[in-house]
1. What is segment 129-193 by shape, rounded, prolate or oblate, if you read a ≥ b ≥ c off the alpha carbon gyration tensor as root eigenvalues and call it rounded for a/c under 1.5, prolate for a/b larger than b/c, and oblate otherwise?
2. Can you give the three extents of the C-alpha atoms in segment 12-66 along their principal axes, from longest to shortest, in whole Å?
3. Using label points projected 7 Å from each Cα along Cα→Cβ, tell me how many nm separate residue 70 and residue 313, to one decimal.
4. Ratio to report: Rg/Rh of segment 266-355, with Cα atoms as the point set and Rh obtained by the Kirkwood method; give two decimals.
5. With the Cα gyration tensor of segment 19-143 in hand, convert its eigenvalues to equivalent ellipsoid semi-axes via √(5λ) and list them largest first in whole Å.
6. At 0.36 nm per residue, and after removing the present C-alpha to C-alpha distance, how many nm does the segment from residue 126 to residue 333 gain when stretched out fully?
7. If each residue of separation counts as 0.36 nm, what is the full-extension length gain between residue 45 and residue 153 once their alpha-carbon separation is subtracted?
8. Once R0 is set to 35 Å, what does the formula 1/(1 + (r/R0)^6) return for the Cβ-Cβ distance between residue 344 and residue 276, expressed as a FRET efficiency to the nearest 0.05?
Amino acid sequence: MIKTVIESVKRKKTRAVRVGKIIIGGNFPVSVQTMWKKPLSCADKKILPELIKLQDIGCDIIRFAVPDMQAAEFVGNLSKKTELPVVADIHFDYKIALRVLDFPVAKVRINPGNIGKESGVVEVIKKSTDKGIPLRIGVNAGSLPRNLQNEKDSALAMVKAAESELNILEKYSFKNVIFSLKSSDVTSTIRANRLFSERFDFPLHIGVTEAGPLIPGIVKNSFALTTLLKEGIGDTIRVSLSSEPEDEVLTGKEILKTAGVSAGGIDIVSCPMCSRSVFDVKVFVTNLYKNIHTIKKDVTIAVMGCPVNGPGEAKSADIGIAGAGKYAVLFKKGSVIKSVKIEDAPDIFLEEINKF
């Protein structure tokens, strides 16, 4: 059974749309999604283990670009083999969307700026209705319909593009739809989503498109998504980064926690390091971070470089570790529980976390 979630942020009430086993909107948890970034020429036996890894670290939905009919067949067949809800991302040719709707995909995304004439969209709507598969109307500031490309206000132009597509949907009483309004500009992204949310109750997929490499991309996404989420806007998120899908998923989870939209999970507190540090916090915490995301516990973990920042400053942590010469001390709630050799510390600390 899918449960609703109690959150510290009051979210705007939106319609609920089922995407595979995930429900987007309503009062259901904000889901985290990412996009497959490798060529589809990879055999699906190589893809499936990677999808399992993404699911293990908290990915709720996976999206695939579907540029042609061959890709439609591949992604459609893949959707039969994975537990992750599969979204097919379609541009330019509505006939590709029609083909992929023959498979048990969880959702189809179309871009009103390039999908073509209304007649093609209508065919997609009718088949989506017959198959019970939802659509995402994905509006991008960089690929607006021709009649809106010269608009000075890009946020308003995105809303107008969404409204134009919504008018078509309403002609056929199609309500099984999610919207997204994205720009590479943070301010435009925030404003477009605010405007849409004021006018409509359809669930929103939020994100900053083409946000850039890891560090600037995380900063842009964090600012935009946290701002919107704290205002109760957003039902599912995708953190767009020129990086690995894993980075997008983990960043998305951290944003949800920081915004107060999801509670619990693992929280790492680590010192920034200084000349007092007697063991390499950076290496230790980086390796630890890679190994804890399959742990389904609510726990605060502290990693400190020296006794100064150890059990004292990190006494509120459930469990922690601090360097102390050739040794590391492990502590719980500020009380030291054991001392271990530095070289043994990673494995022993992970064991203690799992036992916690």
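Rule-based calculations on the coordinates, nothing more; no lab input. Note that the structure is predicted; figures quoted are calculated from it, not measured. For neighbour counting, all protein chains shown are included, and Cβ atoms are generated from backbone atoms with ideal geometry for every residue, glycine included.
1. Numbers: a/c = 2.72, a/b = 1.87, b/c = 1.45.
Note, shape of segment 129-193 comes out prolate.
2. In descending order, the Cα extents are 41, 24, 15 Å.
3. 5.6
4. Numbers: Rg = 11.5 Å, Rh = 12.6 Å.
Ratio of gyration radius to Kirkwood radius for segment 266-355: 0.92.
5. Numbers: eigenvalues 102, 60, 38 Å².
Square roots of five times the eigenvalues give 23, 17, 14 Å.
6. Details: separation 207, 0.36 × 207 = 74.52 nm, distance 5.87 nm.
Answer, rounded to one decimal: 68.6 nm.
7. So the chain would gain 34.3 nm between residue 45 and residue 153.
8. Values: r = 22 Å, r/R0 = 0.63.
After rounding to 0.05, the efficiency reads 0.95.
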